[in-house]
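Novice: The following block contains the structure, expressed as structure tokens.
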Amino acid sequence: EGQKKDSVVKRGHALQLAYHATTIHTLVPTGAETKFEMSVQGVPLLGFRDLDEKATVHDYKVCGPSSPYLRQATADVDLQLGVYALATKKRKVGFIAFVKDKNVIKRVSSARTPAQSEAIQEHIVQIARAISAGAFPMCSADNFLCSPRFCGYWSGCPRSKYKKA
């Protein structure tokens with residue numbers, strides 16, 4: 001237990017040093033861990049953004065070297081980044097990823113279009129309607145979070161009975 005904790009602390013320290021050496025000087029923060037509340041067509045949303053700059057909203061991720069968060073395709077469609085763009089009315093969004101075992105920081109930038117913002121709002125409304133009706137939508141089966149490792153509801157989810165873990 002103690003040895004595992006020590007290795008996590010060492011890894012965190014190495015990532016922090018990499019962040020300070022390569023990334024922190026490129027940022028001009030206007031906010032950090034900023035709470036936001038908004039309504040999307042009557043659906044209340046509450047959240048916290050990791051890092052705001054004048055024109056960009058960033059989300060910090062700690063991930064492995066093959067994580068989807070390191071891919072442009074993920075940043076281009078990530079719902080969380082889309083909600084941040086919607087909440088701030090900023091188009092520019094992105095991940096700042098702390099890559100474990102590599103001790104590198106990778107930034108993946110993207111932008112949201114007005115059409116994407118409209119689609120995100122519709123998505124939020126549809127999910128709220130489903131939940132209000134008692135139907136809790138499952139995440140996409142190809143989502144890496146849909147697994148016993150990442151989902152706290154796996155044991156009670158119908159998907160766990162037919163999807164390989």
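Novice: Between their Cα atoms, which of Lys10/Lys35; Lys54/Lys100; Lys54/Lys89; Lys4/Lys61; Lys35/Lys100 are more than 19 Å away from each other?
Specialist: Violating the 19 Å Cα-Cα cut-off are Lys10/Lys35; Lys54/Lys100; Lys4/Lys61; Lys35/Lys100.
Novice: Could you work out the mean projected area of the convex hull around the alpha carbons of the chain, in square nanometres to one decimal?
Specialist: For the Cα atoms of the chain, the hull's average projected area reads 11.6 nm².
Novice: Report the relative contact order of the chain, percent, no decimals, based on alpha-carbon pairs under 8 angstrom and at least 6 residues apart.
Specialist: Once divided by the residue count of the chain, the mean separation gives 17 percent.
Novice: Over the chain, with the other protein chains present, what is the accessible area per residue in square angstrom, probe 1.4 angstrom?
Specialist: 64
Novice: Using a 1.4 angstrom probe with every protein chain in place, what is the largest-first accessible-area order of Ile24, Ile120?
Specialist: From most exposed to least exposed: Ile24, Ile120.
Novice: Would you work out what percent of the accessible area of the chain, with all protein chains in place, is carbon or sulfur (probe 1.4 Å)?
Specialist: Of all accessible area on the chain, carbon and sulfur atoms account for 57 percent.
Novice: Using helices alone, I'd like the mean residue ellipticity at 222 nm for the chain: each DSSP H run of four-plus residues gives -39500 (n - 2.57), total over residue count, nearest 500. Before the final figure, lay out the partial values.
Specialist: On the way: 4 runs with 56 residues, N = 165.
Calculated at 222 nm, the ellipticity per residue is -11000 deg cm²/dmol.
Novice: Which helices count as membrane-span-like in the chain under these terms: full DSSP H, at least 24 Å along the axis by C-alpha, Kyte-Doolittle mean of 0.0 or more? Write down the numbers at each step before the final one.
Specialist: Working: long enough: 2-22 (30 Å, -0.73); 114-132 (27 Å, 0.05).
Helices meeting the span and hydropathy rule in the chain are 114-132.
Novice: Compute the FRET efficiency between Ile131 and Ser155 as 1/(1 + (r/R0)^6), taking r as their Cβ-Cβ distance and R0 = 25 Å, and round to the nearest 0.05.
Specialist: Working: r = 20 Å, r/R0 = 0.81.
It comes to 0.80.
Novice: Suppose we keep just the DSSP beta bridges with both residues in the chain; what percent of those would be antiparallel, to 5?
Specialist: Antiparallel bridges make up about 70 percent of those DSSP assigns within the chain.
The values are calculated or read from the model by the stated rules, or taken from the named source; none is laboratory data. A quick note: this is a predicted structure, and the numbers were derived from the prediction, not measured. FYI the Cβ positions are ideal-geometry reconstructions off the backbone, even for glycines, and counts take in every protein chain you see. For the accessible areas, the whole protein counts, side chains as well, though only heavy atoms, and no ligand, DNA or RNA atoms are used. Shrake-Rupley method; radii C 1.70, N 1.55, O 1.52, S 1.80 Å.
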